[in-house]
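What follows draws every value from the coordinates through simple rules; no lab data is involved. Please read all numbers here as calculations on a predicted model, not as lab measurements. Here the Cβ is made from the backbone with ideal geometry for all residues, glycine too, and neighbour counts use every protein chain on show.
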Amino acid sequence: MSTSVINGYQPATEFAPIIIDSFKAYDIRGELGVNLDEDIAYRIGRAFAQILYERYKTAAKNKTSDITDLQPAIVIGSDIRHSSEQLKQATIQGMIDAGVDVIDLGMTGTEEVYFATSHYQALGGIEVTASHNPINYNGLKLVKEHSKPISADDGLAEIQALAESGQFASDNQSGKLQLLTDKGPYIDHVMTFIDTDKLKPLKLVINSGNGSAAPVVDLLIDKLTQAGAPIKIITLHHTPDGSFPNGIPNPMIEANRVATQQAVLENKADLGIAFDGDFDRCFLFDENGKFIDGSYIVGMLAQAFLNKYPNEAIVYDPRVIYNTEAVINEHNGKTVISKSGHSFIKQVMRDSGAVYGGEMSAHHYFRDFFYCDSGMIPWLLTIELLSVTGKTLSELVTGYIHAYPSSGERNFRLTTQDAPTIIRDIEENFSAQNPAKSTLDGLSLNFGEWRFNLRASNTEPLIRLNIESRGDEQLLATKIQEIEQWLGKQGAVST
């Protein structure tokens, strides 16, 4: 095997079998020094590259696949965390030792890797990021050719098995490393989603959370300025800083929303925008500083796309569905439901040819972005929508909120029973009411005027609850109290 050294990282020459328990359902995430370090990153990079390269060589020999049109290279980027660069270099070394060329994109958000994988016609891509997780965590997000997702059922388990065994091929020549940090093609592509001539005067607050978003935001602002768009931007927590002096960028935590809310009010802004660490999620605040739940943004963007592309399919997850389905049906679209999680949403979108897909967790997916999620495209679409309609964000979503009020996602830590037992028992508890049932993702029970979804977390010992009603806030409040009390009796503690 190769023993080349990148930035001082020297891989082992022998690989004893180990257990790598940082593999999750559709990505890799672990605690630094516990189940993720440079050696593990090297193994993952080498296994990932070897498997993709072997598929490529087999396809080329047999001329049986469109991947033969690709170049035998993998793109990689990393977020701003202090540990990300070292983990990236170890991953790069693993891929080079597998005989695959590597394109290093520098500091990136996850969607830049999605874009670059297809733009450079690479075999796959890796983003080193822990997104919104605590500062002592990190991880890797993987995609294969054409920016297609990888899940535990579709390649991730194979990568894990090879990384754990350490039985790597040793007859490959070393790959080559190339640094390509130009964000221009990605920025140009993102800008194709809006018509800048339609933009009206707007004032925006953008909170990058000291994550990796700021360089991209700056480039998009430059593009808007060059186009003569009358958009004024107030930036907040804009300097990338892996120590996260203003807290881990996770706007799902209510305390982390305050700075954006205050800035919107103080500057009398039309819109507030906030990102997580790798900016694959976009969070919006209206002109009153109110945080808008992601499920209502899904409905708003679904309507916007169906106005442009009639009769198209829209994909959404089963946690909160009333508003999204009502909007899609009202605008003659096609409803397509998918299990939550980016790998599942992306595959369902590809299968259905959907123009747009959205999750209540603030992930938004676009057919014209290789069926991948982007945190930058949603806010651009939103400012175009505000401009075209002449309405405020609150005016666009208030009708949705009143028509289909929801609880927001509520998390409960398990103390005495496991998730399958609790889900089984709650189904039995409500069985006498004969609700419509779905087990696509956890358990969804629909009682006509209200429904709930209860599902286990893929990464933590938690269960997540969402409840919604058809225009009845009192019924919603009653059911929230009823189910939370029931969960409490089962030893599930609200977090």
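Based on C-alpha coordinates, I'd like the Rg and Dmax of the stretch 28-182, in Å.
14.3, 46
When every alpha-carbon pair in the stretch 278-319 is counted, what percent end up more than 12 Å apart?
68 percent
Starting from the 7 Å offset along Cα-to-Cβ, what nm value, one decimal, do you get for the label separation of K61 and A161?
Between K61 and A161, the label points sit 1.9 nm apart.
Among DSSP beta bridges lying fully in the stretch 28-182, give the percent that are antiparallel, nearest 5. Intermediate values should be presented prior to the final figure.
Working: 10 of 25 bridges.
The answer is about 40 percent antiparallel.
With the calculation restricted to Cα positions, what are the radius of gyration and Dmax of the stretch 410-494 in angstrom?
Final numbers for Rg and Dmax: 12.2, 35 Å.
Fully extended, how many nm does the chain gain between R413 and Q71 (0.36 nm per residue separation, minus their Cα-Cα distance)? Working shown, then result.
Working: separation 342, 0.36 × 342 = 123.12 nm, distance 4.59 nm.
Length difference between fully extended and current span is 118.5 nm.
Can you put W450, W379, W486 in order of Cβ neighbours within 10 angstrom, beginning with the fewest? Intermediate values should be presented prior to the final figure.
Numbers: W450 19, W379 23, W486 15.
Going from least to most buried by this count: W486, W450, W379.
With θ set to phi - 60°, apply the Karplus curve 6.51 cos²θ - 1.76 cosθ + 1.60 along the stretch 65-71 and write out the HN-Hα couplings as whole Hz, x wherever there is a Gly or Pro.
Karplus values, whole Hz, x for Gly and Pro: 8, 6, 6, 5, 7, 8, 9.
Would you mind ranking E409, E473 by Cβ crowding within 10 Å, fewest neighbours first? List each step's numbers first, then the result.
Working: E409 19, E473 11.
The fewest-first ordering by Cβ neighbours comes to E473, E409.
Given all pairs of different Cα atoms, what value in angstroms does the Kirkwood hydrodynamic radius of the stretch 201-291 take? Intermediate results must be reported in sequence, preceding the final value.
Numbers: mean 1/r = 0.0768 Å⁻¹.
It is 13.0 Å.
How are the alpha carbon pair distances in the stretch 292-404 distributed across 5 Å bins from zero to the largest one, expressed in percent?
2, 13, 26, 27, 22, 8, 2, 0
Over the Cα atoms of the chain, compute the convex hull volume and normalise it per residue, giving Å³. Could you put the intermediate results ahead of the total?
Values: hull volume 73.2 nm³, N = 495.
Once divided by residue count, the hull of the chain is 148 Å³.
When N counts the residues of the stretch 116-160, how does its alpha-carbon radius of gyration compare numerically with 2.2 N^0.38 Å, as a ratio?
Details: Rg = 12.0 Å, N = 45, 2.2 N^0.38 = 9.3 Å.
Normalised by 2.2 N^0.38 Å, the Cα Rg of the stretch 116-160 equals 1.28.
Under 8 Å for C-alpha pairs, at least 6 residues apart: give me the relative contact order for the chain, rounded to a whole percent. Show your work: numbers first, answer last.
On the way: 1083 pairs, mean separation 60.1, N = 495.
12 percent.
Excluding residues on the same chain fewer than 8 positions from K148, give the lysines whose Cα lies under 30 Å from its Cα.
Reachable lysines: K24, K57, K61, K63, K88, K176, K183, K223, K308, K334, K339, K346.
For the chain, what proportion of DSSP beta bridges, expressed in % and rounded to the nearest 5, is antiparallel? Write out the running numbers ahead of the final one.
Details: 44 of 76 bridges.
The answer is about 60 percent antiparallel.
Can you give the % of DSSP beta bridges in the stretch 292-404 that are antiparallel, to the nearest 5?
Values: 5 of 12 bridges.
Beta bridges within the stretch 292-404, antiparallel portion: roughly 40 percent.
Quick check on the exposure proxy: order M300, M376 from fewest to most C-beta atoms within 10 angstrom.
Going from sparsest to densest Cβ surroundings: M300, M376.
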